[in-house]
Amino acid sequence: MPTELGHIEAIFRYPVKSMRGEQLESAQLGWHGLDGDRRFALRRMNDQGGFPYLTASKFPGLVLFTPHNQNGNEQELPTHVRTPDGKDFPIFVPDLAAEIDRRHGAPVEMMQFKNGIFDDACISVIASDTIHEIGRLAGRNLDIRRFRPNIVVRLHKSGAFKEDSWLGGTLSFGDSSDAPAISVTMRDVRCSMVNLDPDTAAPAPEILKTIVRVNDNNAGIYATVTRTGRLSVGQKIFLNR
């Protein structure tokens, strides 16, 4: 029998990999994650490795660039990117790549991906209790955005790192037979991204150190989509075994 875990507290998507994300009231969950999530990335032109994309772990200032749709439609893909000092560039113009080249110190080009570009899975989920506990142990009041989740869960029964117990199960969003659903495939192994303040890019290494110490460097889960549909803040979440 499904267990009601809580409800969706927040929804985020990240149109350009490692740039500032967007908080949404609702989003379409497709077979490749949230529509519009990580559909763009900057390729490091001198990197011939298997993952040549520029991320904030290599250039922390990337989190301060803001993709946006100039028409004001948050459901559409971004048309422009705003730099930390307020300049606005169309997403594919050479001037944007040149601005990032100047700050990063190496050439890049913007690329678009039909199905997105992800590290391990197309959906990430974390409970707000887990974030609060990491912050308490690290001695900081943590912004949820440090963890770059797609879905933030507000649990009925409080407790940190409860997401680990969802492995192998399915989360459904709503109690109907056709409710959107995801299969929990693995724990979210964290990197230095969590150390970066989303408003300043200033590092706080004690955050990742805390996650390593208390939960083997895991916080939240990754999942794959098993049923598509609409997600909305406030939607009930059920765990199915």
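So what's the back-of-envelope 222 nm ellipticity for the chain, counting only DSSP H runs of four-plus at -39500 (n - 2.57) apiece and dividing by all residues, rounded to 500?
It lands at -4000 deg cm²/dmol.
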Simple label model, 7 Å out from Cα along Cβ direction - Arg241 to Lys87, nm: 5.6 nm
Leading residue at positive end of dipole, the chain (Cβ point charges), from Gln75, Val212, Ile123: Val212
Label-point separation, Arg140 to Arg230 (7 Å along Cα→Cβ), nm: 3.7 nm
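Net charge near Ala204, counting Lys/Arg +1 and Asp/Glu -1 over other residues with Cβ under 9 Å of its Cβ?
Local net charge: 0.
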Highest-fluctuation residue, Ser177, Ser192, Ser26 considered, GNM on the chain with Cα pairs under 10 Å: Ser177
Choice from Thr224, Thr55, Thr79 showing the highest fluctuation, given a GNM over the chain with Cα pairs closer than 10 Å: Thr79
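So what's the projected area for the stretch 167-214, the Cα convex hull averaged over all directions, in nm²?
Numbers: hull surface 20.8 nm².
About 5.2 nm², averaged over all directions.
By DSSP, what percent of the beta bridges with both residues in the chain are antiparallel, rounded to the nearest 5?
Values: 48 of 52 bridges.
Expressed as a percentage, antiparallel bridges in the chain total about 90.
Name the chymotrypsin sites (Phe, Trp or Tyr not before Pro) in the stretch 25-112 that are in a loop by DSSP and that have at most 11 other C-beta atoms within 10 Å, would you?
Values: sites: Trp31, Phe40, Tyr53, Phe65, Phe92; in loops: Trp31, Phe65, Phe92.
Sites meeting the loop and neighbour criteria: Trp31.
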Whether the stretch 86-241 is rounded, prolate or oblate, judged on the alpha carbon gyration tensor where a/c under 1.5 counts as rounded: oblate
Cβ-based charge dipole, the chain, positive-most Cα from Val152, His7, Met193: Met193
Cα centroid separation - the stretch 113-160 against the stretch 1-66, whole Å: 13 Å
Gain in span if fully extended, Ala202 to Glu4, counting 0.36 nm per residue against the direct Cα distance: 67.5 nm
Inter-label distance, nm, simple model (7 Å from Cα along the C-beta direction), Glu76/Asp95: 2.0 nm
Backbone N within the stretch 180-204 under 15 Å of label point (7 Å from Val214 Cα along the Cβ vector): 190, 195
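How large is the convex hull of the Cα atoms of the stretch 96-188 per residue, expressed in Å³ as a whole number?
On the way: hull volume 14.9 nm³, N = 93.
So the per-residue hull volume is 161 Å³.
I want the local charge near Pro94. Using Cβ-Cβ distances under 11 Å, sum +1 for each Lys or Arg and -1 for each Asp or Glu among the other residues.
Working: positive: none; negative: Asp95, Glu99, Asp101, Glu109.
Computed value for this residue: -4.
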Sites Ser57 and Ser165 - FRET efficiency at Förster radius 30 Å, r taken between beta-carbons, to 0.05: 0.55
Solvent-accessible surface ranking, highest first, for Asp188, Asp119, Asp101 at 1.4 angstrom: Asp119, Asp101, Asp188
Sulfur and carbon atoms: percent of accessible area, the stretch 139-241 [1.4 Å]: 49 percent
Per residue value of the accessible surface for the stretch 163-241 (all protein chains in place, 1.4 Å probe), Å²: 43 Å²
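The values are calculated or read from the model by the stated rules, or taken from the named source; none is laboratory data. Just so it is clear, the model here is predicted, and its values are computed rather than measured. All Cβ positions, glycine included, derive from the backbone under ideal geometry; neighbour counts span all protein chains shown. Just the protein is used for accessible areas: all its heavy atoms, side chains included, with ligands, DNA and RNA removed. Shrake-Rupley method; radii C 1.70, N 1.55, O 1.52, S 1.80 Å.
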